Amino acid sequence: MTFVPPGTGWPDDPATADTPVALDPADVRRLAAGSGTLAELTAAQSVCRACPRLVEWREEVARVKRRAFADETYWGRPVPGWGDERPGILLVGLAPAAHGGNRTGRIFTGDRSGDWLFASLHRTGLAAQETSTYAGDGQRLIGTRVVASVRCAPPANKPAPEEKAACFPWMAREVELVAPHVKVIVALGGYAWQAMWPALKAAGYELPRARPPFGHGVEHESRHDGRPVTLIGCYHPSQQNTFTGRVTAQMLDDVFERARSLAV
């Protein structure tokens, strides 16, 4: 087996052996639209098999593994949204890392980007612990939820256009379900910034005709059911960005402090 079967005891696994499995984009649309709760939605997300290339890749990575994790069992499945079910702050990322979320089963958990992200969230009062290394480690997001626009680790970290399109209903429905509580949306990186606008539109947000350009700390005000919602851009805490100094700990802290102040 090159992935963790649902319902076999992995910490915080949202699915069971009876969770319906999406086998193609039409199934994704149907199951996403029919999910009345986050529990139903995240369960269905976590067993999706709609994109053959992504399924093959994530399971191959789980089988071969990285030498540093050779003795570990890899999750090897799509990584569902995670965090507070009534979040004031929604964080949007691109996709799980092959040896991060694809290994641990939790977005941004167990990789270098997550080390930076969770440390900053902890410093700004949005995470219970400064590290997040594996599912069930006690980490908890406070008033915050994190989702990825693509739920499977893609080869070279580049999902194909048809894979983005197939995965879109999962994100759109998750954004819709949490929308009554969200006051701030933070896009982690330029791709997440681009990916979130169609999802916001599908969830009923009022958006400008011209999409604002991405930038670190850029803010734009939207509305949902008459309530103001602030959209904030944030450089992704990737190794490339943190090693080169394009992103610093203070830059992340400033964005999350701002998000928390707006969400209170």
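Pairs only if they're at least six apart or on different chains, beta carbon under 7 angstrom, first in the stretch 1-29 and under 18 Å from Trp82 (Cβ atoms), second of a type in the set (Ser, Thr, Tyr) and outside any loop (DSSP other than H, G, I, E, B); list them, first residue then second.
As it stands, the answer is Pro14/Thr42, since those pairs meet every condition given.
May I ask you to say which residue of Ala199, Ala127, Ala195, Ala166 is at pLDDT 95 or above, crowded, with 19+ Cβ neighbours inside 10 Å, aliphatic (A, V, I, L, M) and within 15 Å of the chain's Cα centre (by Cα)?
Details: Ala127 fails: within 15 Å of the chain's Cα centre (by Cα); Ala195 fails: at pLDDT 95 or above; Ala166 fails: within 15 Å of the chain's Cα centre (by Cα).
That would be Ala199, the only listed residue that is at pLDDT 95 or above, crowded, with 19+ Cβ neighbours inside 10 Å, aliphatic (A, V, I, L, M) and within 15 Å of the chain's Cα centre (by Cα).
Restricting the first residue to the stretch 122-133 and requiring it to be touching a residue at least 24 places away in the same chain (Cβ under 8 Å), which pairs with a second residue that is among the polar types (S, T, N, Q) meet a Cβ separation below 8 Å and a spacing of at least six or different chains?
Leu126/Thr144; Ser132/Thr109; Ser132/Gln139; Thr133/Thr104; Thr133/Thr109
Quick check, is Pro208 out of contact with any Leu (no Cβ under 8 Å at 6 or more places or on another chain), part of a loop (DSSP other than H, G, I, E, B), surrounded by fewer than 16 Cβ atoms within 10 Å (Cβ to Cβ) and not aromatic (Phe, Trp, Tyr)?
Values: out of contact with any Leu (no Cβ under 8 Å at 6 or more places or on another chain): yes; part of a loop (DSSP other than H, G, I, E, B): yes; surrounded by fewer than 16 Cβ atoms within 10 Å (Cβ to Cβ): yes; not aromatic (Phe, Trp, Tyr): yes.
Here the answer is yes, as Pro208 does meet what is asked.
From the list Pro5, Pro87, exactly one residue is assigned to a loop (DSSP other than H, G, I, E, B), modelled with pLDDT of 95 or more, touching a helix residue (DSSP H, G or I) at 6+ places or on another chain (Cβ under 9 Å) and at negative phi. Which is it? Spell out the reasoning first.
Numbers: Pro5 fails: touching a helix residue (DSSP H, G or I) at 6+ places or on another chain (Cβ under 9 Å).
Going through Pro5, Pro87 in turn, the sole match is Pro87.
Name the residue that is farthest from the chain's Cα centre (by Cα), counting only residues in the stretch 82-99 that are crowded, with 21+ Cβ neighbours inside 10 Å and more than 20 Å from Ile185 (Cα to Cα).
Narrowing the stretch 82-99 to residues crowded, with 21+ Cβ neighbours inside 10 Å: 82-83, 87, 89-98.
Pick out the ones that are also more than 20 Å from Ile185 (Cα to Cα) and you get 97-98.
Numbers: Ala97: 11, Ala98: 14 Å.
Restricting to residues being crowded, with 21+ Cβ neighbours inside 10 Å and more than 20 Å from Ile185 (Cα to Cα), the top hit is Ala98.
Of all residues in the stretch 33-81, count the ones that are of a type in the set (Val, Ile, Thr) and crowded, with 23+ Cβ neighbours inside 10 Å.
Let us first name the residues in the stretch 33-81 that are of a type in the set (Val, Ile, Thr), namely 37, 42, 47, 55, 61, 64, 73, 79.
If we keep only those that are crowded, with 23+ Cβ neighbours inside 10 Å too, we end up with 42, 47, 79.
Selection size over the stretch 33-81: 3.
Which residue out of Pro180, Pro237 is in contact with a Ser or Thr (Cβ under 8 Å, 6 or more places away or on another chain) and assigned to a loop (DSSP other than H, G, I, E, B)? Even if it seems obvious, please write down each step before you answer.
On the way: Pro180 fails: in contact with a Ser or Thr (Cβ under 8 Å, 6 or more places away or on another chain).
Going through Pro180, Pro237 in turn, just one is in contact with a Ser or Thr (Cβ under 8 Å, 6 or more places away or on another chain) and assigned to a loop (DSSP other than H, G, I, E, B): Pro237.
May I ask you to say which residue of Ala62, Ala153, Ala166, Ala68 is touching a helix residue (DSSP H, G or I) at 6+ places or on another chain (Cβ under 6 Å), small (Gly, Ala, Ser), outside any loop (DSSP other than H, G, I, E, B) and within 26 Å of Thr2 (Cα to Cα)? Step through it out loud before you land on a result.
Values: Ala62 fails: touching a helix residue (DSSP H, G or I) at 6+ places or on another chain (Cβ under 6 Å); Ala153 fails: outside any loop (DSSP other than H, G, I, E, B); Ala68 fails: touching a helix residue (DSSP H, G or I) at 6+ places or on another chain (Cβ under 6 Å).
It is Ala166.
Test His220 against the stated conditions and say whether it is within 24 Å of Glu174 (Cα to Cα) and not in a helix (DSSP H, G or I). Please lay out each step first, then the result.
Working: within 24 Å of Glu174 (Cα to Cα): yes; not in a helix (DSSP H, G or I): yes.
When the stated conditions are applied, His220 passes them.
Starting from residues that are aromatic (Phe, Trp, Tyr) and within 12 Å of Ala249 (Cα to Cα), keep the ones in the stretch 100-124 and report whichever is nearest to the chain's Cα centre (by Cα). Talk me through it step by step, then tell me what you get.
Of the residues in the stretch 100-124, the ones aromatic (Phe, Trp, Tyr) are 108, 116, 118.
If we keep only those that are within 12 Å of Ala249 (Cα to Cα) too, we end up with 116, 118.
On the way: Trp116: 15, Phe118: 13 Å.
Only one residue tops the list, namely Phe118.
Only residues that are surrounded by 14 or more Cβ atoms within 10 Å (Cβ to Cβ) and in a loop (DSSP other than H, G, I, E, B): list them for the stretch 247-264, please. Give the derivation first.
Of the residues in the stretch 247-264, the ones surrounded by 14 or more Cβ atoms within 10 Å (Cβ to Cβ) are 247-248, 251-260, 262-263.
Hits for the stretch 247-264 are Val247, Thr248.
Across the stretch 216-241, what is the total count of residues that are of a type in the set (Val, Ile, Thr) and either within 18 Å of the chain's Cα centre (by Cα) or surrounded by 20 or more Cβ atoms within 10 Å (Cβ to Cβ) (or both)?
Within the stretch 216-241, the subset of a type in the set (Val, Ile, Thr) is 218, 229-230, 232.
Next, from what is left, pick out any that are either within 18 Å of the chain's Cα centre (by Cα) or surrounded by 20 or more Cβ atoms within 10 Å (Cβ to Cβ) (or both): 229, 232.
The number of residues fulfilling the criteria is 2.
For Arg173, work out the one condition from (1) of a type in the set (Lys, Arg); (2) touching a residue at least 24 places away in the same chain (Cβ under 8 Å); (3) surrounded by fewer than 21 Cβ atoms within 10 Å (Cβ to Cβ) it doesn't fulfil.
(3)
What number of residues in the stretch 6-32 are of a type in the set (A, V, I, L, M), farther than 24 Å from Gly138 by Cα and buried (at least 17 other Cβ atoms within 10 Å of the Cβ)? Spell out the reasoning first.
So in the stretch 6-32, the residues of a type in the set (A, V, I, L, M) come out as 15, 17, 21-23, 26, 28, 31-32.
Then drop every residue that is not farther than 24 Å from Gly138 by Cα, which leaves 17, 21-23, 26, 28, 31-32.
Pick out the ones that are also buried (at least 17 other Cβ atoms within 10 Å of the Cβ) and you get 22, 28, 31-32.
The number of residues fulfilling the criteria is 4.
The values are calculated or read from the model by the stated rules, or taken from the named source; none is laboratory data. Since the structure is predicted, the reported quantities are computational estimates derived from the model, not experimental observations. For neighbour counting, all protein chains shown are included, and Cβ atoms are generated from backbone atoms with ideal geometry for every residue, glycine included.
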